[in-house]
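The block underneath contains the structure these notes are about, expressed in structure tokens.
The values are calculated or read from the model by the stated rules, or taken from the named source; none is laboratory data. Quick caveat, the model's predicted, so the values are computed rather than measured. Here Cβ is always computed from backbone atoms with ideal geometry, including for glycine, and neighbour counts include all displayed protein chains. Areas reflect the complete protein model, heavy atoms only, side chains present, ligands, DNA and RNA absent. Shrake-Rupley method; radii C 1.70, N 1.55, O 1.52, S 1.80 Å.
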Amino acid sequence: MGSFPKDFLWGGATAANQCEGAWQAGGKGLATVDVTPFGPDRFPVALGRLEMLECDDKHYYPSHEAIDLYHHYKEDIALFAEMGFKCFRLSIAWTRILPNGDDAQPNEEGLKFYEDVFDECHKYGIEPLVTICHFDTPIALIKKYGGWKDRRMVDAYVHYCEVLFDRYKGKVKYWLTFNEINMLLHLPFTGAGLVFYPGENVQQVEYQAAHHELVASAKAVKLAHEKMPGAMVGCMLAAGQYYPRTCAPEDIRAAQEADRDNYFFTDVQARGAYPVWAKKRMEKAGITLHTEPGDEQVLKEGTVDFVSFSYYSSRCITTDQEILAEEKADGNAVLEAVKNPYLKASEWGWAIDPVGLRVTLNTIYDRYEKPMFIVENGLGAVDTVEADGSIHDSYRIDYLRAHIEQMEKAVNEDGLPLMGYTTWGPIDLVSASTGEMKKRYGFIYVDKDNDGNGTLARSRKDSFYWYKKVIASNGTDLA
Ligand code: BG6
């Protein structure tokens with residue numbers, strides 16, 4: 001195995017709402033994730049509805065306690081340091097800083113919490129990589145504006161960014177504007193706090209919201225550069241190449257269009273303008289984007305410094321009605337897809353495709369020619385705790401090893417510029433799609449089950465010692 005660049009950022013990635021818990025502590029306001037329950041009502045309809053904006057007594061809300069990283073962060077960061085992390089990706093909960101999303105004065109307790117987290121990271125030489133918004137639109141702003149469909153969200157977000165950049169300059173160098181921005185088109189409530197009123201044109205609303213997020217992202221990039229010289233700001237996409245299920249030309253076209261759905265956002269964020277095909281697409285769908293004078297300039301001036309993405313699996317698509325009927329896969333995240341007969345899948349139906357990571361890296365590089373960062377990758381699996389407390393998660397090690405091997409080829413054989421690799425959920429946390437605890441990604445086990453029972457005690461899995469060795473050898477020892 002070849003080595004990785006000497007400053008390669010090895011580490012792990014989390015999101016505030018999936019690990020912090022403490023949903024009302026320290027003056028925190030409510031966000032979308034706080035009202036998203038566990039169980040069949042998690043996403044009762046694909047589209048957000050107004051009645052989803054409150055918690056009730058009938059449901060269990062996993063984010064309320066999660067793994068209580070809020071009170072365990074010192075212990076958890078010490079464990080990351082023990083593994084040799086160079087980087088810790090985390091998100092800031094918007095409503096810890098601005099409980100109503102747009103308060104004139106920020107909440108000092110929230111600001112102090114993240115400052116302490118960053119200081120704790122730096123104590124061990126761990127570089128924080130901060131997602132500004134990870135699936136947590138403030139509820140107060142949804143009630144006020146209906147989420148990102150309203151242009152005023154741009155100002156609210158930019159104000160939030162100003163607060164963050166002023167406070168954390170010198171402590172945070174790497175930033176991501178929106179987590180998996182393309183999920184807006186698939187999970188509009190989670191992705192952009194969108195609620196729909198009867199009669200609204202869903203696509204129109206989604207693309208308008210997308211425009212607002214893109215303008216907000218570009219403004220954030222510019223602001224970050226002004227306020228924090230040397231800062232690097234990236235976009236973040238839920239990646240995974242679409243493969244045509246057959247070599248029928250119709251399938252090739254279907255895969256191309258499905259990929260474009262994903263690249264719609266990053267094309268704007270990395271290149272600074274809407275691609276021609278996107279304009280045509282919107283025109284054909286009868287979508288009229290309401291823009292403001294100067295938006296084009298904003299998008300042009302706010303291109304990202306690097307492109308980051310999550311990668312769990314490739315996707316497979318076909319137009320063949322027979323195959324579609326027989327092989328429709330539930331997995332492959334939430335995207336419409338069919339099973340790839342050449343690949344095995346995880347227990348949650350997500351196709352396992354390490355080579356697809358190399359394919360995806362190459363596609364993204366060909367498209368943008370910018371440095372890249374893999375900010376999520378991992379296997380959600382059920383772990384068994386043995387009588388002596390040990391956890392033998394060889395399946396997780398196998399998954400990660402195979403992906404790191406492909407990443408190494410992309411770096412050393414293809415010559416691609418890769419800044420780092422942060423695995424998803426280095427410590428077990430709440431699943432975004434299902435709300436389960438049992439879908440575990442961690443090197444560190446957390447004693448908590450799907451119903452919220454458990455001591456929250458942390459323990460090291462076999463993969464903990466394995467990843468430590470991987471980092472210590474800068475990726476050359478994957479045994
Ligand atoms: C990504 C998200 O979609 O995938 C994370 O950025 C999420 O928030 C991760 O947790 C894994 O998905 P899941 O549904 O297994 O938690």
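Under the criterion of Cα pairs below 8 Å and six or more residues apart, the relative contact order for the chain equals 18 percent. For a quick check of understanding: with a 1.4 angstrom probe and all protein chains in place, what accessible area in square angstrom does I317 have, to the nearest ten? Here the residue's solvent-accessible area equals roughly 30 Å². Remark: the range 159-282 carries a charge dipole of roughly 500 debye about the Cα centre, counting +1 on each Lys and Arg Cβ and -1 on each Asp and Glu Cβ.
Partners of K339 within straight-line reach, counting lysines whose Cα lies under 17 Å from its Cα and excluding those fewer than 8 residues away in the same chain: K328. Couplings for the range 298-303, taken from phi via the Karplus curve 6.51 cos²θ - 1.76 cosθ + 1.60 with θ = phi - 60°, read 4, 4, 5, 7, x, 6 Hz in order; Gly and Pro are left as x. By DSSP, the beta bridges lying fully in the chain are antiparallel in about 20 percent of cases. Karplus-based coupling profile of the range 464-470, in residue order and whole Hz: 4, 6, 5, 5, 4, 5, 4, with θ = phi - 60° in 6.51 cos²θ - 1.76 cosθ + 1.60 and x standing for Gly or Pro. When all protein chains stay in place and ligands, DNA and RNA are ignored, the 1.4 Å accessible-area order of K300, K409, largest first, is K300, K409.
Would you kindly state how much longer the chain becomes between Q203 and K144 on full extension, computed as 0.36 nm times their sequence separation minus their alpha carbon distance, in nm to one decimal? Write out the running numbers ahead of the final one.
Numbers: separation 59, 0.36 × 59 = 21.24 nm, distance 2.10 nm.
Result: 19.1 nm gained on full extension.
Between amide H atoms placed 1.01 Å from N, distances below 5 Å from V338 occur with C316, I317, T318, A329, all of them 5 or more places distant or on a separate chain.
Within the same chain, aspartates and glutamates fewer than 8 places from K173 are excluded, and of the rest, those with a Cα less than 18 Å from its Cα are D7, E115, D116, D119, E120, E127, E162, E226, D305. Computed from backbone phi, the HN-Hα couplings of the range 388-400 come to 8, x, 6, 9, 9, 9, 5, 4, 5, 4, 4, 4, 5 Hz, rounded to whole numbers (Karplus: 6.51 cos²θ - 1.76 cosθ + 1.60, θ = phi - 60°; Gly and Pro given as x).
Restricting attention to the range 264-358, which chymotrypsin sites (Phe, Trp or Tyr not before Pro) occupy a DSSP loop and are surrounded by at most 11 other Cβ atoms within 10 Å?
Numbers: sites: F264, F265, W277, F306, F309, Y311, Y312, Y342, W348, W350; in loops: Y311, Y312, Y342, W348, W350.
Those that pass, being in a loop and sparsely packed, are Y342.
Computed per residue of the chain from DSSP H runs no shorter than four, each worth -39500 (n - 2.57), the mean residue ellipticity at 222 nm is -12000 deg cm²/dmol. For M419, nonlocal amide neighbours, meaning residues 5 or more places apart or on other chains whose placed amide H falls under 5 Å from its own, are M372, F373, I374.
Loop only by DSSP, 15 or fewer other Cβ within 10 Å of the Cβ. Give me the chymotrypsin sites (Phe, Trp or Tyr not before Pro) in the range 87-134 that pass, ordered by residue number. Walk me through the numbers before you get to the answer.
Numbers: sites: F88, W94, F113, Y114, F118, Y124; in loops: Y124.
Sparse-neighbourhood loop chymotrypsin sites (Phe, Trp or Tyr not before Pro): Y124.
Under a model in which nothing but the beta-carbon of Lys, Arg (+1) and Asp, Glu (-1) is charged, the range 210-307 shows a dipole of about 60 debye around its Cα centre. By the Cα gyration tensor, the range 404-468 has an equivalent ellipsoid whose semi-axes, rounded to whole angstrom, run 31, 14, 8 from largest to smallest.
For the chain, a simple Cβ point-charge model (Lys and Arg +1, Asp and Glu -1, everything else neutral) yields a dipole of about 900 debye relative to the Cα centre. Excluding same-chain neighbours fewer than eight residues apart, the lysines reachable from K169 by a Cα-Cα span under 26 Å are K6, K28, K74, K86, K112, K123, K219, K222, K227, K300, K370. Distant-in-sequence amide contacts of L129, defined by a placed amide H-H separation under 5 Å and a gap of 5 or more residues or a different chain, comprise F88, R89, L90. Taking the Cβ of H134 as the centre, find all other residues whose Cβ is under 14 Å away and add up their charges (Lys, Arg: +1; Asp, Glu: -1). My count for the surroundings of H134 gives -4. With a cut-off of 8 Å between alpha carbons and a minimum separation of six or more residues, what is the relative contact order of the range 1-131 in percent? In percent, rounded to a whole number, it is 35.
Ordering R152, R260, R42 from largest to smallest accessible area (1.4 angstrom probe), what's the sequence? The partial results should precede the final answer.
Values: R152 125, R260 60, R42 25 Å².
Final ranking, largest accessible area leading: R152, R260, R42.
Using Cα-Cα distances under 8 Å and only pairs 6 or more residues apart, what relative contact order does the range 85-160 have, in percent? Numbers along the way, then the final one.
Values: 87 pairs, mean separation 32.6, N = 76.
Once normalised by length, the contact order is 43 percent.
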